[in-house]
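Working notes for the structure below.
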Amino acid sequence: MTDTRPTPVDDLPTAYDPAGVEQRLYADWESSGLFHAEPDDPGEPFAIVLPPPNVTGALHVGHALYITEDAMVRHARMTGHNAVWVPGMDHAGISTQTVVERELATEGLTRHDLGRDAFIERVWAWVEEYGGQILNQLRRLGFSLDWEREAFTFDEPRSRAVTEVFVTLHEQGLLYRGNRLISWCPQCMTALSDIEVDHVETAGTLTRFVYPWVDQEPGRDGVTGIAVATTRPETMLGDTAIAVHPDDERYASVVGRTVRHPFLDRTIPVIADDWVDPEFGSGAVKITPAHDPNDFAMAERHDLPAISVIDPDATMNGEAGRFAGMDRFDAREAVVTALDESGLLLDREDYTHQVGTCSRTGDVVEPLLSDQWFLEVRPLADKALAAVEAGDTRVLPPRLQKFFVEWLENLHDWCVSRQIWWGHRIPAWYCGDDHVTVARDTPDACRECGSTDLRQDDDVLDTWFSSQLWPFTVFGWEKPGDVTPELQTWYPNSVLETGYDINTFWVSRMLQIGLWFLDDVPFTTIWNHGLVRDGQGKKMSKSFGNVIDPLEFIESHGADALRLALFQHCSPGTDVPLSPDWVEGARRFLNKLFNTIRFALLNLDGTTPGELPDDAELGLADRWILSRLEVARAAVDDAYGPWDWARMSTALYHFTWDELADWYLEAAKVVLYGDDEDAKSTTRAVLARVLDDLLRLWHPLIPFVTEELWRHLTGATGGRDSLMVQEWPSARTTVDPDVEAEFAVVVDLVTEVRRFRSLNDVAPSRRFPLVVSSTRADLLSDHVDLVTALAGLESISFVEEITERPGTSTIVFGAGEAQVELAGLIDVAAERARLERELDTARGLLERSRAKLANEQFVARAPADVVAAERDREASQERSIAELRRQVDALDELL
RNA sequence: GGGCGCGUAGCUCAGUGGGAGAGCGCUGCCUUCACACGGCAGAGGCCGCAGGUUCGAAACCUGCCGCGCCCA
């Protein structure tokens, strides 16, 4: 049983220590069922599904940005929504298989040694043992996930859905098997989808060589052939054409002629195609349909044969003639040497170009012809396009909408099969005649020929094929037509929050498949956060050694500090630089917040948050802080619209530290340490009320510290008596500009006195009397105690007008002047020098105002209030200058 | 090659037409009874460059330079 009772006030330490607090509170929240929601719970539905982290994953800072989802869900709960946030994991096909294979390798085994079934069992065992780690790490961040709804992309319900979707799409004629050019990773030994291929700028070599005319011998004078250029000479073994641009006059006479392959018994035609860029290289391009996507497309247009010369293991095959058996890169050099020896090599030059690499292994991707399963995406993408363009799904930040549209418009069919074992096995069976039977359950006989000798497809589906179903499979969807209470309530999801880097992989696919099968968008808003970078704004990467482990921050500063540091930087759509300094700073803030509450608890004398006292009883500082609270509250509410976390954090940070702690608490001390009991109880009531609202406003961002402090403040006992489920604050008062202006008079005078003190090296403990002349003397005399305390004065007296005397200094503030006896208080020469500097500044400002007002265009065309403000500025600078002069003169008499 | 974004204090970033802001860092003073993880005060910016629009530009337009990302 967890003890959830708060520490007695007297035992509160002087500094906040998150250790212990966070894990205790999380356990309390979870065991009290506060994270769980049911479809028939009251309130407007609000749903987010957690982008499922890889089962192989460990927590990294990218996951830390899930805090934005947590804040959305917590805010939704407090505003009365029926809010659910569903956790789960992704089985991450290739990654997980690789991890387990690596483990096997340490035992000297490969997956083939174990065989398919035993290997899969081994992976499951691994998942059981290590797979849940990341979910526990997510708990450390305080995430209010509905753990009772945890799902896995490879569990049984999700797997049934995958099979249903595959079979249905096949029935609809959209999923087909074809021999097509795909991107192949020789290291993973599997096909990749387009987006698993990174284009990396690479220093390579451009090789130019000549294909000799079939009727001419090489080496003779005159035109003996046609020159081509390539960065991959080994592919020339698979060349089946040479293409030139139809309008290229240089080649007009050679289209239709034939060249002879120098190393193979093959002749190659010269064809014309306007895809060719006549400006590039010689203007003639070698065409290798089996190893280049553009060439493949051209081969289809011209009905050219496609000859594969490279095998899946990246060695040259039998079609490569004498180069057969060589590694592709060895073959590259060997071909160049052979060309040279044949006198066909023209030259080689350094050439930087983009090379497709496997995003997982970094190995150079080989375009290969292969039998694979493809999804015809056009019909799905068109539906998604229409939804995005109709605004059924809102893309935030808006500029990213263009990317969605562009990407959906240019989609190629999706290669969904993968030559690995860990994943959803493709529900297709082949008979001896290679007839295909696609079925939900293992079929008894071939649908075409009745053969009972069936073999299931060895391949599994791309992991994204299952994760695209996530927004509805987590709510019980297993087949078309399924309607569960959860789906009725929470589909479409409210928000899909993720980094913009997986929009193509994942987000747009959910959009397409969700619309296709449920006829509705999977989420009404797509919210893209930026990527977490290091303190210098660099992308975090292992090779830079700048990767930050969020758990380290949680250990040292607490999860709230990490969360706050991230929120403070998290503006819509921009990347988030995170440096240890920020987390440190956030922790200091939390300590400040903690001590604000601690101060209150030591002085509230048992007062707990309740109704505010009657207006008539409120003092100036009370009215002021309530007005400022309303400003902050409204700013936070505004910022929840666009989820502008940085603005939200800044508004609350500023209110908490610069207004509440720096001014209101100091003002409250004057009352609380005084002897007016009525005033004390008013102050206590206001303080308790403001702190309660403040903790609620902070809670979605920093849930632990606010919950802990709120329990202290209110005496709440935990369990369902939790800040997590309290009502979101609404306006207590209206913003009162008059009160704010009045308090500003006090603040202004106090600040000017402090400035005088600081600039003249007058110790804070040194009290002195002040003579004040002010247009707001009435106001100030009502708050003599306040001003005296905050400015550290001995006394204040009021006069109609300050009389300049030698040996005094005049402090100018907005609503008047104040006079200080200098004798024994200041260094006269230093003060004089300071005044001269101020004079310079004031003269400069006056000059600017005068120049502006002398401009007839300005006076005539600018709005009247702007001109009036400028005249005020001019007058006020004139007054300042006159006053500063008087002060300098007064000091001169002392010297 | 196409597209998008960025360039503001030493660093990281807010700021979308009317006197430059924050956090951290820096300087000085202060261990005053919530907090030294603190308080008070201060220094520090041709707002990338050049044109243009405007009475007025960090902001709007054009060009250039530099950096980053995505796509081909």
message = Explain nothing, just compute: Karplus ³J(HN,Hα) = 6.51 cos²θ - 1.76 cosθ + 1.60, θ = phi - 60°, for every residue of the range A:620-625 in order, whole Hz, x for Gly and Pro.
response = 4, 5, 4, 4, 5, 5
Per-residue ³J(HN,Hα) for the range A:734-741, Karplus 6.51 cos²θ - 1.76 cosθ + 1.60, θ = phi - 60°, Hz, x for Gly and Pro = 9, 5, 10, x, 5, 4, 5, 5
note = For residue A:89, the residues 5 or more places away or on another chain with a placed amide H closer than 5 Å to its own amide H are A:151, A:152, A:153
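If packing is taken as the mean number of other Cβ atoms within 10 Å per residue, what is the order of A:463-475, A:283-295, A:716-728, highest first? Don't jump to the answer; show the numbers that get you there.
Numbers: A:463-475: 25.7, A:283-295: 22.8, A:716-728: 16.9.
Most protected by this proxy first, the peptides run A:463-475, A:283-295, A:716-728.
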task = Report the relative contact order of chain A, percent, no decimals, based on alpha-carbon pairs under 8 angstrom and at least 6 residues apart.
result = 12 percent
query = What angle, in degrees between 0 and 90 and rounded to the nearest 10, separates the Cα long axis of helix A:328-341 from the longest principal axis of the Cα atoms of chain A?
reply = 60 degrees
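Determine the per residue accessible area of the range A:305-435 with all protein chains present and a 1.4 angstrom probe, expressed in square angstrom. Write down the numbers at each step before the final one.
Numbers: 5870 Å² over 131 residues.
Solvent-accessible surface per residue comes out at 45 Å².
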ask   = Residues of the range A:828-895: accessible area per residue at 1.4 Å, in Å²?
value = 64 Å²
remark   = Excluding ligands, DNA and RNA, the carbon-plus-sulfur percentage of the accessible area of the range A:799-895 with a 1.4 Å probe reads 50 percent
inquiry  = Below 14 angstrom from the Cβ of residue A:205, what's the summed charge of the other residues (Lys, Arg +1; Asp, Glu -1)?
reply    = -2
inquiry  = Rolling a 1.4 angstrom probe over the protein chains, ignoring ligands and nucleic acids, what is the accessible area of residue A:144 in square angstrom, nearest 10?
reply    = 0 Å²
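Which of the trypsin sites (Lys or Arg not before Pro) found in the range A:139-187 are in a DSSP loop and have at most 10 neighbouring Cβ atoms, other than their own, within 10 Å?
On the way: sites: A:139, A:140, A:149, A:158, A:160, A:177, A:180; in loops: none.
The qualifying sites: there are none.
What whole-number value in Å² describes the accessible area per residue of the range A:539-674 for a 1.4 Å probe? Walk me through the numbers on the way to the answer.
Working: 5470 Å² over 136 residues.
Heavy-atom SASA per residue in the range A:539-674 reads 40 Å².
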message = Longer than 27 Å from Cα to Cα, which of A:286/A:402; A:286/A:383; A:383/A:479 are they? Say none if no pair is.
response = A:286/A:402; A:286/A:383
ask   = What order, most packed first, do the peptides A:869-880, A:84-95 have when packing is the mean number of other Cβ atoms within 10 Å of each residue?
value = A:84-95, A:869-880
query = Roughly how tilted is helix A:21-31, in degrees to the nearest 10 and between 0 and 90, from the longest Cα axis of chain A?
reply = 60 degrees
task = Collect residues whose amide H, placed 1.01 Å from N in the peptide plane, falls under 5 Å from the amide H of residue A:822; neighbours closer than 5 in sequence don't count.
result = A:808, A:809
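Give the residue list of chymotrypsin sites (Phe, Trp or Tyr not before Pro) in the range A:662-699 that are DSSP loop and have at most 13 other beta-carbon atoms within 10 angstrom.
Values: sites: A:663, A:664, A:673, A:698; in loops: A:673.
Sites meeting the loop and neighbour criteria: A:673.
How large a share of the accessible area of the range A:579-716, in percent, is made up of carbon and sulfur atoms when the probe is 1.4 Å and the other protein chains stay in place?
Carbon and sulfur atoms account for 45 percent of the accessible area of the range A:579-716.
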ask   = In terms of modelled amide H atoms, which long-range or inter-chain residues lie less than 5 Å from the amide H of residue A:499?
value = A:529
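Quick one: ranking A:103, A:707 by accessible area, 1.4 Å probe, largest first, what do you get? Walk me through the numbers before you get to the answer.
Values: A:103 60, A:707 0 Å².
Output order, biggest surface exposure first: A:103, A:707.
Mind putting a number on the dipole of the range A:190-367 about its Cα centre? Charges go on the C-beta only, +1 for Lys and Arg and -1 for Asp and Glu, and I need it in Debye to the nearest 20.
Working: 14 positive and 34 negative charges, 97 e Å.
Once rounded to the nearest 20, the dipole reads 460 debye.
Counting only protein heavy atoms and a 1.4 Å probe, tell me what percentage of the range A:153-274's accessible area is made up of carbon and sulfur. Intermediate values should be presented prior to the final figure.
Working: 2290 of 5160 Å².
Whole-percent figure for carbon plus sulfur exposure: 44.
The values are calculated or read from the model by the stated rules, or taken from the named source; none is laboratory data. Just so you know, these numbers come straight off a predicted model, no measurement behind them. A quick note on method: Cβ atoms are made from the backbone with ideal geometry, for glycine too, and the neighbour counts reach across all protein chains shown. Surface accessibility is based on the protein's heavy atoms, side chains included, excluding ligands, DNA and RNA. Shrake-Rupley method; radii C 1.70, N 1.55, O 1.52, S 1.80 Å.
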